[in-house]
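The values are calculated or read from the model by the stated rules, or taken from the named source; none is laboratory data. It should be emphasised that the depicted structure is a prediction, and the values quoted were computed from it without experimental measurement. Don't worry about glycine lacking a Cβ; one is built from the backbone with ideal geometry, like all the others, and counts go over all protein chains shown.
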Amino acid sequence: MSEDLIFAKDLCKTYNGFKAVDGISLRMSRGECFGILGPNGAGKTTTVRMIYGFSPVSSGTLKVFGMDIQKHARLIKAKSGVCQQENNLDPDLTVFQNLVTFASYFDIPRVTARQRTTELLRFMQLEHKKKAKILELSGGMQRRLVIARALINKPELLILDEPTTGLDPQSRHQVWARLAELRAQGLGILLTTHYMEEAAHLCDRLVIMDHGRILVEGAPLDLIHQNVGANVIEIESPSESLLKFVKESNLDHEKLSHRLLIYTRDGETLFRKISDDLCDRGCSLRMATLEDVFLKLTGRELRD
Amino acid sequence: MAVRETNWLPDISPRFLRILQRNSQVLRRTWKVNFLPPVLEPVLYLLAFGAGLGLLVREISYQGKPVSYVAYIAPALIAINIMYNAFFENTFASYVRMYYQKTYDAIMATPLNLDEIITGEIVWGAVKSLIATILMMAVISFFRLLVYPQAILIVPLAFLGGLAFGSVAMCFTALVPQIEVFNFPIFLFITPMFLFSGTFFPLDTLPKWAQVLAQVLPLTHLVALVRALAMGKLQVQLLLSLLYLAVFSAATFFLAIKLMRRRLII
Ligand SMILES: Nc1ncnc2c1ncn2[C@@H]1O[C@H](COP(=O)(O)OP(=O)(O)OP(=O)(O)O)[C@@H](O)[C@H]1O
Ligand SMILES: [Mg+2]
């Protein structure tokens, strides 16, 4: 129990009768990187906002560092670092002042704060922007600065709400490298994301949420194996005979408007059979990814 | 923070001072623009009213004795300045920080809680009123319109007045759906006070009902206090005005915290 960084049981959040989070249970241990995946409006932000004591819990149990969030919010917040979904850096202050001022909210002495700011700016490769105003920074730099800010109090739990949304691949990989480094140092990281690659790359365990509920939980690879198998065969404009074959052999598949996806454990043999006999072009075999799991479980229709 | 819904009393530690530090850091860069009005405005008003209107009015009766018109309005200018500084700080400036910059959201993820953020913002508004008052008093003193040492007491009074107008401003900030809506409290509350609180003409020239109404307005009491201190003519009944301002500040402060919780803790 005390080993749990986060413990949630039947956690709910209701906005005027609308259940944004509908009875989720999860636990995250120290040193673990835990992911919350889900489409827009799944309830990811609502969940993490309860975890860092921003939003009151409607019902259920929620403990962070073994303490009840409703009673010890201040203590919990002192030991957590939070990167909210929106970049809410202080535009009235410079890059350096942003971190030093944020440190003051944690009662960190000024000398320590300045030292730590310098370290963190170096860690996030923002040293050269020390004196810049926030609006002069690119989106990627702002995001890195938000993450640096979340680390100012040497947190034991780092909470990141979509840390890399809107970043170019370079910035994204840079952020991943930093986060992997922090994880290797034993920092517990809770992150929400839409990027399956990000989750597969960073998370030890993850949950996929939709409509305020948890659909599955597990390690990324296990989830892939349990839900879609090892491979996916994609066929463009499948022929009638192929469709018939798929149905008759009871293969796990998904039929999209112009595409057929077959999920399988035994990709090579099946692929050879299909490509030899039932399909002359537009047929490919690939490894199954977390994205396949995600789309299979949460469906393909748009959310907004 | 979550328990706060059942916790009626504000939960405030000295951490709210961090908000003042943050805001003063910003002010250090923009102070010139911020404090130009309190220095220039009295000069303009005193010239306009002294040289213009003053020629028509010349003297006005205060506590049974005639005083020059500029001596009559100079304290009102100070009181209005106190009102403006705190009111505009805790409406427009606070709203920008809360709504556009999401500064409160960021701070709410630290050990500071919303009650402390709001307290810090209101106290900051009062500090701005106080600084602006000192600057303005320095200018008005050149015109020999303040009686010392009594006038020194205007400085702490400016802080109390700042709390009163800052707290009521914060209530509006918690309520308005968008920034343009501040025009309503300005048009319906601030402007009438500016004109009808015994600022530019004595209250007893108003009809009886308007005089009664004016007693409800916090600026009426602030003007009465500042004027008495500026002229060095203190009276016991002014304690009632002081009490009114204190009660008004406390009530609107609690209300501001309550309304802000309702707006931001969701
Ligand atoms: N303050 C609020 N009032 C009412 N409904 C809300 C509020 N905040 C969120 N919701 C609703 O709760 C649901 C979950 O929202 P949430 O922001 O947690 O989703 P999310 O998974 O973070 O989505 P995204 O990927 O778009 O950030 C949505 O349907 C949203 O409209
Ligand atoms: Mg979100």
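Just a few scattered comments:
- Selection of the range A:42-60 for residues being away from ligand 1 (no atom under 13 Å from the Cβ) and in contact with a helix residue (DSSP H, G or I) (Cβ under 6 Å, 6 or more places away or on another chain) yields A:53, A:57.
This table checks each residue for (1) part of a helix (DSSP H, G or I); (2) within 16 Å of ligand 1 (Cβ to nearest atom); (3) at pLDDT 95 or above; (4) touching a strand residue (DSSP E or B) at 6+ places or on another chain (Cβ under 6 Å).
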position	(1), (2), (3), (4)
A:63	no, no, yes, yes
A:76	yes, no, yes, yes
A:98	yes, no, yes, no
A:104	yes, no, yes, no
A:108	no, no, yes, no
A:114	yes, no, yes, no
A:120	yes, no, yes, no
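- Condition met for residue A:59 (surrounded by fewer than 20 Cβ atoms within 10 Å (Cβ to Cβ) and farther than 27 Å from residue B:7 by Cβ): no
- Residue list for the range A:24-36, restricted to those being within 16 Å of ligand 2 (Cβ to nearest atom) and at pLDDT below 95: none
- Index of the failed condition, residue A:164 passing every other in (1) part of a loop (DSSP other than H, G, I, E, B); (2) at pLDDT 95 or above; (3) surrounded by 15 or more Cβ atoms within 10 Å (Cβ to Cβ): (2)
- Filter pass, residue A:84 being within 16 Å of ligand 1 (Cβ to nearest atom), in contact (Cβ under 8 Å) with a residue 12 or more places away in the chain and under 27 Å from residue B:99 (Cα atoms): yes
- Enumeration of residues in the range B:217-258 that are surrounded by fewer than 18 Cβ atoms within 10 Å (Cβ to Cβ) and not in a loop (DSSP other than H, G, I, E, B): B:238, B:239, B:240, B:242, B:243, B:246, B:247, B:250, B:251, B:254, B:255, B:258
- Answer residue from the range A:71-104, given it is of a type in the set (Gly, Ala, Ser) and at the interface with chain B (Cβ under 7 Å from one of its Cβ atoms) and is nearest to residue A:138 (Cα to Cα) among those: A:104
- Residue check: residue A:21 meets all listed conditions (1) within 16 Å of ligand 1 (Cβ to nearest atom); (2) modelled with pLDDT of 95 or more; (3) surrounded by fewer than 20 Cβ atoms within 10 Å (Cβ to Cβ) but one, namely (3).
- For the range A:24-41, residues that are away from ligand 1 (no atom under 11 Å from the Cβ) and either part of a loop (DSSP other than H, G, I, E, B) or in contact (Cβ under 8 Å) with a residue 24 or more places away in the chain (or both) total 11.
- Single condition residue A:126 does not satisfy, out of (1) surrounded by 20 or more Cβ atoms within 10 Å (Cβ to Cβ); (2) touching a helix residue (DSSP H, G or I) at 6+ places or on another chain (Cβ under 7 Å); (3) without any contact (Cβ under 8 Å) to a residue 60 or more places away in the chain; (4) within 12 Å of another protein chain (Cβ to nearest Cβ): (4)
- Residue match in the range A:97-119 (condition: out of contact with any Ser or Thr (no Cβ under 9 Å at 6 or more places or on another chain) and among the small types (Gly, Ala, Ser)): yes
- Scan of the range A:102-119 for residues that are closer than 19 Å to residue B:29 by Cβ, buried (at least 20 other Cβ atoms within 10 Å of the Cβ) and out of contact with any Leu (no Cβ under 6 Å at 6 or more places or on another chain), ordered by number: A:102, A:104
- In the range A:178-195, the residues that are away from chain B (no Cβ under 14 Å) form Cβ pairs under 8 Å with partners that are of a type in the set (S, T, N, Q) and more than 16 Å from ligand 2 (Cβ to nearest atom), at six or more places apart or across chains, as follows: A:188/A:29.
- Checking residue A:157 against (1) over 22 Å from residue A:105 (Cβ atoms); (2) touching a Phe, Trp or Tyr at 6+ places or on another chain (Cβ under 9 Å); (3) buried (at least 18 other Cβ atoms within 10 Å of the Cβ), the condition it does not meet: (1)
- Some residue of the range B:62-83 being in contact with a Gly (Cβ under 9 Å, 6 or more places away or on another chain), within 14 Å of chain A (Cβ to nearest Cβ), assigned to a helix (DSSP H, G or I) and closer than 25 Å to residue B:223 by Cα: no
- So residue A:175, is it over 24 Å from residue A:49 (Cβ atoms) and part of a helix (DSSP H, G or I): no
- Filtering B:173, B:191, B:205, B:252 for residues that are closer than 16 Å to residue B:82 by Cα and among the hydroxyl-bearing types (Ser, Thr, Tyr) leaves a single hit, B:191.
- Out of B:108, B:98, B:83, sole residue that is at pLDDT 95 or above and within 19 Å of residue B:176 (Cα to Cα): B:98
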